[in-house]
Structure formats: C-alpha cells, structure tokens
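These notes concern the structure reproduced below.
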C-alpha cells in the first residue's frame, strides 16, 4: 500500500456524514514510519448523534423486530463479503499494524469471516422462546436483544474482534456503535462498505474512531445498554468504572500471560512446531499468545536450544511480504515497551537465548527481534506482566505439580496449552489450570465454544452460545396453571 488513503466522512447510522468536529486521525505505517491514511476523529457530538440513531433504530425501527431468518440473510452477506475481499482486508490491516500478511489473511480476514459464520450457526440453534414447567406453574422464557451496544475493539486483531461483537449483536437484533482504535481505523471503512452493501438497516450500525477521552464518553453514555470491550486490564477496569455509573452491562476480554506446559514424554519436534507460531503470533501482539513456556528441568537445556534456534530462524521484515513471519510493532511506543522489558529481564537475571534488541534490518520501522529469555523465574516481571511484544520466557519446573502451580501463578487466566504423548493425561492437566481456554497438543480458538478469561483476563464470554447470550435479555412470563397453548 503506497497510496495515501483519506476518508472525510463518518459512517453514522448507516449513512456517510460529515463529522461534527475538526480533528483528524493520522494512520502511520509501522514499517515505513510514514503517514498512510487519514480519517475523521469522532467527537462527543458525533457520539451523541450516533447513539440517538441507534436508540431510534432499536426502540422504533424494524431491525429488532425483524424475523431471525431475515437478519441471518443480512449477516450472511457480510460474511460472504469477507471471503471475497479477504486480501484487501488483510493488506489494509497489515499496513496499519504490522501483522505479517500471511497471518493477516488467515487470522485477520478469513478468521473474521469464520467468526461471522459461527455466529450464524449459533443463532439458528438459539430459540427465541422456550416453554418450561416452573415450580408454581408453566412459564415461558423469552430471549430479547439487550439494546444499544457499544463495541470497543483493539488494534491488534481489529476485524476478528469486531466480528466477535458485531455478529451476535446484529443477529440478536441490537444496534451497534463500533469504536475502532485510533491506531488502526482504516479497515473499519471497509467494514462500513460491506455492511451498507449487505443491507444493514438505517440507524443499526455506526463506526466512531476516537481516542480514549471520546471512548470514555461513549461507554458512559446513558443511551447505551451494553458495552463489549477488548483491551488492556487497566483500560478494562476504567471501562467498568465508567459504565457502572449507569449500571450498563459490561463484558471485558482483557490480557493474558498464558503458559505452554511441555511434559517430559512429548515429542519435542511436535511441541516446538506447535508452540513457536503461537508464542510469537502477530509479532507477539496477541492476548492469547503462549508467552510462558514451561519446560521440565530434566530436558531444559535441549528444549532451550531448540526454541532458541526456532526463534532465531523466524523471518523478520516488511509485513506485506508473504515470507515475513515477524513484522514491526504497531507503534514506536509498543516497540519501546518491548525493548524496555528486554532490558528489565536482563537486569532481573534472565539470559537472552535469542534476539534481544532491534534487528539489523530493516533499518527503519518499529521492529523488535523475536526474543527468548532463559533462566526465568516466575517471580520476575517479564514472567508476570503482559509485554505484548515478541518477548517469550522459558521457565524450568521440577515436576508436574510445580508446572501446574507456575501456570496458575498469574493474575491472568486467558489461555494455555499442554504438550504430551498422553492426551488423556493432558486433559487432566487442562482441568487443573485456571484459564478460560486451553489446548492439548494443539492451539485453537474455536468460535463455537466460549472464549474469555478467569481472574484479570476479563468478565463474560465471547463466541458460542455463551457469547451469544451476552447480547440477550432473558424474560420470564408466568402462565396460568393448566395452560397448554403454543
């Protein structure tokens, strides 16, 4: 992408309109450090009119009262457009945030398409009404849309996360205010085009790129019924605090410091091949990344050597080059954060086994070498704090009980994995680790199952029936004894 992308209007209530404020967001390439795009910065006044449009659409418009089959038709058209335009979406996101293009195609674009598709499957399997026999007589349990949803998405996987929120919200009949990150707003304009072409009705969708101040105004707006947020723990706590003033429902998908446990009986080739791409995925900018690798002390030196070699072999370069495996970090701030943690890890006594600084090439851009620390104690800050960069810790353990203890010794509980020759034994380990998702001899994020975290990794769930239910109110209607109607 070499041409400057400029958008002068906002997508509010399904229409392109002039912004009510003068501010502009400049999008900077993390590879060239040059401006590659400009979009309007939504103001508080823009938020007000977007909320008003969403409220009108939900309270009086047709979408919430449209039969599910018709809503599915609209959402299916959105899903199909992601398949058709996946290369354009992937290139746009890679240019903004540095994701390697090959990973962007699979995770940023086609992964988002899979999220839309899975939500359609769940919607078809979710009954709007259900008759039950209550303790005092028959009851009817009815599922209704929660209302106006503020969906706040991060810069690392913007369309994947947007789909996780938009798909169930639209399918249940909600109206949505999507707030993209100011670092990566360009792909949101592609989504707006797709939604308009798919036939999303007037008022149902607005897209409001903005900074933290305007975001706080949005999540604290009295016209919003639910906030769905993905981001850091600190920001999530602030969202919860602001939303609580109106008792607004909140779901939070926050950070992680997930542990990949290698058991002594594992085939090491399998473990290395499975863990490496999921430790350094998206340049380390993934909440589910396996950033702590737990190795048995009896095999520690061999494992350290194998992972160091694998990290050193990762191809660093232009994110739009299909051969690239590690691209630049999204901003100079994120680059410096990783470099600061590398320095801190050395000060704490950990040893750099691979990487450890800026690569020799490219000579510009916000790059950090894929870095592996050995000799790490779980008390070190590099093992406890989410770095959100390509910095991985290798920790030794004596026995299985200690491995489980280390895995659980974290303020986070989002993901994790175990690698073993005995799958049944791996499942037993999975049951003992307190995280919201876990994998045995693989790494996956299945869109038909619940995704979310324990502890500081969040509240509520996305994906599957559990995530779908987050966008529904459950109403109980008491019926007279003996009634046997439909």
Worksheet item: From the set of residues in the stretch 204-232 that are within 17 Å of residue 170 (Cβ to Cβ) and not in a strand (DSSP E or B), which is nearest to the chain's Cα centre (by Cα)?
Response: 208
Worksheet item: Somewhere in the stretch 108-124, is a residue over 24 Å from residue 68 (Cβ atoms) and without any contact (Cβ under 8 Å) to a residue 12 or more places away in the chain?
Response: no
Worksheet item: If you check 251, 270, which single one turns out to be assigned to a helix (DSSP H, G or I), modelled with pLDDT of 95 or more and either under 20 Å from residue 445 (Cβ atoms) or touching a helix residue (DSSP H, G or I) at 6+ places or on another chain (Cβ under 6 Å) (or both)?
Response: 270
Practice prompt. Name, by its number, the condition in (1) assigned to a helix (DSSP H, G or I); (2) crowded, with 18+ Cβ neighbours inside 10 Å that does not hold for residue 286.
Written response: (1)
Practice prompt. Kindly indicate whether residue 93 is assigned to a helix (DSSP H, G or I), modelled with pLDDT of 95 or more, surrounded by 23 or more Cβ atoms within 10 Å (Cβ to Cβ) and in the same structural domain as residue 190 (by TED's automatic domain parsing).
Written response: yes
Practice prompt. Tell me, yes or no, whether the stretch 444-466 has at least one residue that is closer than 30 Å to residue 227 by Cβ, at pLDDT below 95, assigned to a loop (DSSP other than H, G, I, E, B) and touching a strand residue (DSSP E or B) at 6+ places or on another chain (Cβ under 7 Å).
Written response: yes
Worksheet item: Has the stretch 176-190 got at least one residue that is under 22 Å from residue 73 (Cβ atoms) and part of a helix (DSSP H, G or I)?
Response: yes
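Tell me, yes or no, whether the stretch 227-234 has at least one residue that is under 22 Å from residue 19 (Cα atoms), buried (at least 20 other Cβ atoms within 10 Å of the Cβ) and either in contact with a strand residue (DSSP E or B) (Cβ under 7 Å, 6 or more places away or on another chain) or not assigned by TED's automatic domain parsing to the domain that holds residue 88 (or both).
No: zero hits.
Matching residues to (1) part of a loop (DSSP other than H, G, I, E, B); (2) under 30 Å from residue 317 (Cβ atoms):
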{"site": "8", "(1), (2)": "yes, no"}
{"site": "11", "(1), (2)": "no, no"}
{"site": "39", "(1), (2)": "no, yes"}
{"site": "58", "(1), (2)": "no, no"}
{"site": "70", "(1), (2)": "no, no"}
{"site": "77", "(1), (2)": "no, no"}
Worksheet item: part of a loop (DSSP other than H, G, I, E, B), in contact with a strand residue (DSSP E or B) (Cβ under 8 Å, 6 or more places away or on another chain), outside the structural domain of residue 385 (by TED's automatic domain parsing) and surrounded by fewer than 24 Cβ atoms within 10 Å (Cβ to Cβ): does that describe residue 144?
Response: no
Worksheet item: Would you call residue 330 touching a residue at least 12 places away in the same chain (Cβ under 8 Å) and out of contact with any strand residue (DSSP E or B) (no Cβ under 6 Å at 6 or more places or on another chain)?
Response: yes
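Against the condition more than 25 Å from residue 380 (Cα to Cα), surrounded by 19 or more Cβ atoms within 10 Å (Cβ to Cβ), touching a helix residue (DSSP H, G or I) at 6+ places or on another chain (Cβ under 7 Å) and at pLDDT 95 or above, how does residue 330 come out, does it pass? First the steps, then the outcome.
On the way: more than 25 Å from residue 380 (Cα to Cα): yes; surrounded by 19 or more Cβ atoms within 10 Å (Cβ to Cβ): yes; touching a helix residue (DSSP H, G or I) at 6+ places or on another chain (Cβ under 7 Å): yes; at pLDDT 95 or above: yes.
Yes.
Can you tell me which residue among 198, 162, 169 is assigned by TED's automatic domain parsing to the domain that holds residue 39, surrounded by fewer than 24 Cβ atoms within 10 Å (Cβ to Cβ) and either farther than 23 Å from residue 287 by Cβ or touching a residue at least 12 places away in the same chain (Cβ under 8 Å) (or both)? Even if it seems obvious, please write down each step before you answer.
Numbers: 162 fails: surrounded by fewer than 24 Cβ atoms within 10 Å (Cβ to Cβ); 169 fails: surrounded by fewer than 24 Cβ atoms within 10 Å (Cβ to Cβ).
Answer to the selection: 198.
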Item to complete: Determine which single condition residue 461 fails, assuming it passes every other condition in (1) within 19 Å of residue 254 (Cβ to Cβ); (2) assigned by TED's automatic domain parsing to the domain that holds residue 280.
Response: (2)
Worksheet item: Any residue in the stretch 399-419 that is in contact (Cβ under 8 Å) with a residue 24 or more places away in the chain, in contact with a helix residue (DSSP H, G or I) (Cβ under 6 Å, 6 or more places away or on another chain), more than 22 Å from residue 282 (Cβ to Cβ) and part of a loop (DSSP other than H, G, I, E, B)?
Response: no
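The values are calculated or read from the model by the stated rules, or taken from the named source; none is laboratory data. Values in this document were obtained by computation on a predicted structure and should not be read as measured data. In this analysis, Cβ positions are derived from the backbone assuming ideal geometry, glycine residues included, and neighbour counts consider all displayed protein chains.
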